[in-house]
Amino acid sequence: MQGEKYLFVVSGPSGTGKDTIVARLLETHPEITRTISATTRSMREGEKDGVNYYFVTREEFEGKLQRDEIVEHTCYCGNYYGTLRSEVERHMREKTPVILVIEVEGAGNIKRMYPGATTIFVLPPNMEELERRLRYRGTEDEETIQKRLKRAQTEIANSVDYDEHVVNVEVDSCAESLYSIIQFHIAHGKE
Ligand code: 5GP
């Protein structure tokens, strides 16, 4: 499909800081946007509907799936998460860079669907730091933290298939690395 090179998938284990890096990138480069996913998980303190996610019920999510309004979705720790077709294809048509911040299964599905998209894996500096970040966030119970850590190890082991990798040691420099990757792929990717 035309415009695939404008799609950038940022993925990596929960707690690596991918949302923070992308938020910083969008602050400094407002010509870049990110998609807002639909999810059935409950809203965390400080989150807003239509800003962080479209928070929907399981029935609403399944309705969107049936109407083919969702291009990829996954069930993550018991909740649905999905990327809306409208959010992705508009940017491809308009040729404006758009970032999807999604987990690894979704990243693989997007790459299969849109081979011209660039997949970027965000690594934590090490596993101890990842665990510290997950705990510091204070939003999950112990069982969920353990589930997320276990999943992180598998995800990192399988990250070789990604087009690009960045290590999140420091937010600003990581956001700038992401920006260089985006510029490179837009300049050199197939139209
Ligand atoms: P959280 O509950 O921490 O907001 O998100 C859990 C995981 O789901 C994160 O890795 C996040 O990037 C991922 N995620 C968020 N939206 C989507 C989506 O639309 N599709 C997929 N595949 N993963 C998503």
Restricted to the stretch 47-89, and to residues that are within 11 Å of the ligand (Cβ to nearest atom) and part of a loop (DSSP other than H, G, I, E, B), which residue is nearest to K18 (Cα to Cα)? N52
Residue ID - nearest to A23 (Cα to Cα), chosen from residues in the stretch 138-180 that are within 18 Å of the chain's Cα centre (by Cα) and basic (K, R): R148
What's the total number of residues in the stretch 22-46 that are near the ligand (Cβ under 10 Å from one of its atoms) and modelled with pLDDT under 95? 1
Taking the criterion of being within 20 Å of L25 (Cα to Cα), under 17 Å from the mean Cα position of the chain (by Cα) and near the ligand (Cβ under 9 Å from one of its atoms), would at least one residue in the stretch 107-125 satisfy it? yes
In the stretch 122-175, how many are in contact with a Lys or Arg (Cβ under 9 Å, 6 or more places away or on another chain), acidic (D, E) and surrounded by 13 or more Cβ atoms within 10 Å (Cβ to Cβ)? 2
Consider the stretch 107-148. How many of its residues are in contact (Cβ under 8 Å) with a residue 24 or more places away in the chain and part of a loop (DSSP other than H, G, I, E, B)? 7
Can you list residue pairs whose Cβ atoms sit under 8 Å apart, with the first residue in the stretch 78-106 being over 20 Å from E60 (Cα atoms) and the second being assigned to a helix (DSSP H, G or I) and among the hydroxyl-bearing types (S, T, Y)? Count only pairs 6 or more apart in sequence or on different chains. H91/Y6; M92/Y6; K95/Y6; T96/Y6; P97/Y6; V98/Y6; V104/S159
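The values are calculated or read from the model by the stated rules, or taken from the named source; none is laboratory data. Here the structure is a predicted model, which is why all the values come from computation and not from measurement. Cβ atoms come from the backbone with ideal geometry, glycine included; neighbour counts cover every protein chain shown.
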